[in-house]
Amino acid sequence: MKKILVLSIGACLLVSACSRPRKAEAGHLESATGNPFTTDLLLKTTPVKQQDRSPLCWVYAMLATIETNHLMQGDSVNLSIDYMARCLLTESVRRYYLSRGTSPINLRGMGTRLLALLETYGACPYDSYHAESANYNVIVRRLEQAARASRSLMALDQRANAILDAAIGYLPGKQVHMLGADYMPREFAHSVCRSGEYQAITSFTHHAFGTQFVLEVPDNLNADRVLNLPLDTLMQFIVGRLRSGRAVYWEGDITSSGFDFAAGTAEVGHPVTQQQRQQAFECLQTTDDHALELVGLAHDKQGRRYFIAKNAWGTANRFGGFLYLSEDYLRLNTVMVVG
């Protein structure tokens with residue numbers, strides 16, 4: 001697997017030269033009862049999607065981040081979640097078979113795992129490969145049953161493809177037509193996501209700052225290394241990326257009482273230090289249970305900063321599927337960002 005490129009601390013804070021984020025128009029994200037937040041900047045996004053019961057939030061959020069970064073440059077890009085899921089399942093069921101069931105199929109992951117899948121299998125436009133109602137938890141069980149019943153890798157491949165064709169749909173042709181040109185899937189992926197374009201960053205004191213380490217969370221199934229920075233520097237990185245017109249993939253904890261999807265907000269209610277953040281992580285209070293795309297900045301009536309996030313749970317909340325995360329919520333609950 002190709003490693004995700006991470007840059008030096010100084011390079012991480014450079015602002016990239018790309019199109020500037022537009023100021024949000026008044027009323028955008030307005031709720032039926034009014035929006036208590038003032039939006040300072042809001043990047044362009046593809047429509048809010050619905051992951052249903054699948055654990056693929058990391059696929060949705062990382063692809064959404066890539067999509068926004070192209071929309072901000074004037075490109076119309078909407079990428080297929082189902083194509084990436086199918087590639088992951090095909091790879092995983094083979095591993096399950098060859099390991100004699102000791103490596104179960106696991107659909108969880110982080111943004112870095114999605115970048116590795118793009119490098120290996122390429123990408124496909126959303127309109128070219130999209131399933132309306134694929135139950136991925138059921139698909140996993142069927143693939144594992146097929147692997148246990150197969151007596152050769154060739155037989156497994158045939159059974160697995162039949163299961164995936166029936167559940168998700170037949171793959172499109174070998175070529176992808178997008179952005180006015182024809183691509184092979186890997187060529188298309190490289191046109192929308194260059195090798196080394198994205199940086200994976202975290203902030204924990206049990207490793208030295210300025211070094212890369214394998215993030216010790218269950219979803220880091222590829223054992224990807226991330227760059228460790230002080231918390232204030234991590235927050236500056238996120239803000240700098242957003243102000244430069246680039247979205248940020250966010251992964252972290254949403255199990256605290258301060259997270260309220262229906263209300264569209266996530267709050268902590270107190271200042272958060274590096275030490276408090278570290279303690280919450282070491283006590284397993286902060287876990288890597290969800291991923292979002294950060295797409296904007298806002299403030300409340302007291303002038304406190306909030307980060308606007310695009311979720312993948314559909315549009316049935318106060319802000320049409322978007323969330324306002326307080327700065328202290330990010331300081332406490334961020335496990336990793338990719339930007």
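Pulled fully out, how much extra length does the chain show between Asn137 and His177, if you take 0.36 nm times their separation in residues and subtract their Cα-Cα distance? Numbers along the way, then the final one.
Values: separation 40, 0.36 × 40 = 14.40 nm, distance 3.06 nm.
Between Asn137 and His177, full extension yields an extra 11.3 nm.
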Nitroxide proxy distance, nm - points 7 Å out along Cα→Cβ at Ala208 and Thr120: 3.2 nm
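Can you pull the Rg over Rh of the range 131-290, Cα-only, Kirkwood? All intermediate terms of the calculation are to be shown ahead of the outcome.
Working: Rg = 21.2 Å, Rh = 20.1 Å.
We get a ratio of 1.05 for the range 131-290.
Can you quote the Å³ per residue value for the convex hull of the Cα atoms in the chain, rounded to an integer?
On the way: hull volume 45.9 nm³, N = 339.
Considering the Cα atoms of the chain, their hull volume per residue is 135 Å³.
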At most 11 other Cβ within 10 Å, DSSP loop - trypsin sites (Lys or Arg not before Pro), the range 88-138: Arg100
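For the chain, which whole percent of the accessible surface, found with a 1.4 angstrom probe, sits on carbon and sulfur atoms? Mind dumping the intermediate values first?
Working: 7620 of 14850 Å².
Reported share for carbon and sulfur atoms: 51 percent.
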On Cα atoms only, tilt of 111-121 relative to the major axis of the chain in degrees: 40 degrees
Average accessible surface area per residue within the chain, 1.4 Å rolling probe, Å²: 44 Å²
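Normalised by the empirical 2.2 N^0.38 Å for globular proteins, what value does the Cα Rg of the range 242-339 take? Walk me through the numbers on the way to the answer.
Working: Rg = 12.9 Å, N = 98, 2.2 N^0.38 = 12.6 Å.
Against the empirical 2.2 N^0.38 Å value, I get 1.02 for the range 242-339.
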Inter-label distance, nm, simple model (7 Å from Cα along the C-beta direction), Ser152/Asp75: 4.2 nm
Within the range 115-137, backbone nitrogen closer than 19 Å to the virtual label 7 Å beyond the Cα of Thr315 toward Cβ: 126-127, 131-133
Extension gain from Ala262 to Ser195, taking 0.36 nm per residue of separation minus the Cα-Cα distance: 20.4 nm
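I need the Kirkwood Rh of the range 93-161: take the reciprocal of the average 1/r across all distinct C-alpha pairs and report it in angstrom. Mind showing how you got there, number by number?
Working: mean 1/r = 0.0730 Å⁻¹.
Kirkwood radius, the range 93-161: 13.7 Å.
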C-alpha long axis of helix 231-243 to longest principal axis of the chain, angle in °: 80 degrees
Selection of trypsin sites (Lys or Arg not before Pro), the range 270-317, meeting DSSP coil and at most 10 other Cβ within 10 Å: Lys301
Sparse-neighbourhood loop sites, GluC sites (Glu not before Pro) in the range 213-268 - DSSP loop, at most 15 other Cβ within 10 angstrom: Glu216
Residues whose placed amide H lies under 5 Å from that of Gln199, excluding near-sequence neighbours: Gly339
With DNA, RNA and ligands ignored, accessible area of Thr211 (1.4 Å probe; Å², nearest 10): 60 Å²
Listed residues Asn135, Asn311, Asn69, most fluctuating in the chain (Gaussian network, C-alpha, under 10 Å): Asn135
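May I ask you to work out the translational diffusion coefficient for the range 129-202 at 25 °C, viscosity 0.890 mPa s, via Stokes-Einstein with Rh from the Kirkwood sum over Cα pairs, reported in whole µm²/s?
Details: Rh = 15.2 Å.
It diffuses with D of about 162 µm²/s by this estimate.
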Angle between the chain longest axis and helix 136-149 axis [Cα atoms, degrees, rounded to 10]: 30 degrees
Debye intensity ratio in log₁₀ form over the Cα atoms of the range 66-216, taken at each q of 0.12, 0.14, 0.19 Å⁻¹: -0.62, -0.80, -1.18
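The values are calculated or read from the model by the stated rules, or taken from the named source; none is laboratory data. This one's a predicted model, so the numbers in the text were calculated from it and none came from an experiment. All Cβ positions, even for glycine, are placed from backbone atoms using ideal geometry, and neighbour counts span all protein chains on display. In case anyone asks, the SASA skips ligands and DNA or RNA and just uses the protein heavy atoms, side chains included. Shrake-Rupley method; radii C 1.70, N 1.55, O 1.52, S 1.80 Å.
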